[in-house]
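Student: Just passing along the structure, written as structure tokens.
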Amino acid sequence: MDTSDPSRPGAEATPAEPPAEAPVEAPAQAPAEALAEPAPAPRRRPRGLTSLIVACAALLGVVGGTATGYAIQAERKPTPLPALSQADLAYPKKALPESKRPEPLPAEHDTAVKADGDLRKLLVGKPKGFREATGYFVNGVSPEDGWLSPGGRSLEYTEPGEVLVDSVRNGIRRVAAANWQRGEYVAVRLVQFRPGAVAEAQAEAESSRWDAANRTRSGHEEGREIKAGSGAGFFVYEPDSKPGYLTVYGGRAVGYRGDVMFDLHFSDTKPLSEKAIKDLALKQLERL
């Protein structure tokens, strides 16, 4: 009799013997999670390795391309150079007859013709009531027969040596000059530069304008234009007052035409008339 029957009252349950364990068969394929191993951390490429590889490749490409280019060029035949002479230039067989030749530019419209003549004739006329004066600048010299040497002109500046060197370097040619007096002093300078040095006349005028602007009274620093679009201007200086001396009023007008720069200086012990300065400067500009 089986005493382990749990249905019998009062009987104690006796555990049945476990059946023999069947051998555990290994699954046909292990789960992926069980086979997966932690992925190794990626190796860090040494710093700068990529740049070094690219640089080496570029160097090899340049060297290889240069060598290939030289090899190709060496095998080519030399290209002949064009002839130095222009064989296809054509000239008229006969000159134009006198009746068909263009009229030359009138002398009054040709600044080169006017300036190549007697430069003294281009000096503005002496204002009414003025007389010839022997001198104007303290350390300067008087003009001789309407002319002033480059060295004599340089003496009219505070640094004559530097002015003379610059003038010669810039190609100064000649200087026509006049000094007048009527209580008021006026000095006129026409400075001409060698042919082809038109830019030097302009540079000299601009330098003189800069110098005048440094002495100009308040409100006139940029100067006043003599004529619209002319590039010429006039300046009224700050009065020069010193104890024990008369107050000196000064002004200046500067401009250029072609290779000639004009420079007018004014001085008086009374206030100067801006209109008088402008009118005389305009006449000088028109004569050029």
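Student: Quick query: amide H of Tyr256 versus all other amide H atoms, modeled in the peptide plane; which residues come in under 5 Å with a sequence gap of 5 or more or a different chain?
Tutor: Phe262
Student: Give the Kirkwood hydrodynamic radius (Å, one decimal) of region 148-288, defined as one over the mean of 1/r across all pairs of different Cα atoms.
Tutor: That comes to 15.5 Å for region 148-288.
Student: Amide H of Ala178: which non-local residues (sequence gap of 5 or more, or other chain) have their own amide H closer than 5 Å, using H built in the peptide plane?
Tutor: Val188
Student: What list of ³J(HN,Hα) couplings, whole Hz, do you get for region 263-280 from phi and the Karplus terms 6.51, -1.76, 1.60, once you set θ to phi - 60° and write x for glycine and proline?
Tutor: Computed from phi, the couplings for region 263-280 are 9, 10, 10, 10, 8, 7, 8, 10, x, 7, 8, 4, 5, 5, 5, 5, 5, 5 Hz.
Student: Applying a 10 Å radius around every beta-carbon, put 181-191, 118-128, 232-242, 92-102 in order of their mean neighbour count, most first.
Tutor: Packing proxy ranking, top to bottom: 181-191, 232-242, 118-128, 92-102.
Student: Related question: When ranked by the protection proxy of mean other Cβ atoms within 10 Å per residue, highest first, what sequence do the peptides 133-146, 59-72 form?
Tutor: Most protected by this proxy first, the peptides run 133-146, 59-72.
Student: Out of the total accessible area of region 150-288 (probe 1.4 Å, heavy atoms of protein only), what percent is carbon and sulfur?
Tutor: Taking all protein chains in place, region 150-288 shows 50 percent carbon and sulfur surface.
Student: Something else about it: Mind giving me the nanometre distance, one decimal, between the label points for Lys128 and Leu52, set 7 Å out from Cα along Cα→Cβ?
Tutor: A separation of 9.6 nm, rounded to one decimal place.
Student: Amide H of Arg173 versus every other amide H placed in the peptide plane: which residues, excluding those fewer than 5 positions away on the same chain, fall under 5 Å?
Tutor: Close amide H contacts, sequence-distant or interchain: Gln192, Phe193, Arg194.
The values are calculated or read from the model by the stated rules, or taken from the named source; none is laboratory data. Since this is a predicted model, take the numbers as computed values, not measurements. Note: ideal-geometry Cβ built from the backbone for every residue, glycine included; neighbour counts use all protein chains shown. For the accessible areas, the whole protein counts, side chains as well, though only heavy atoms, and no ligand, DNA or RNA atoms are used. Shrake-Rupley method; radii C 1.70, N 1.55, O 1.52, S 1.80 Å.
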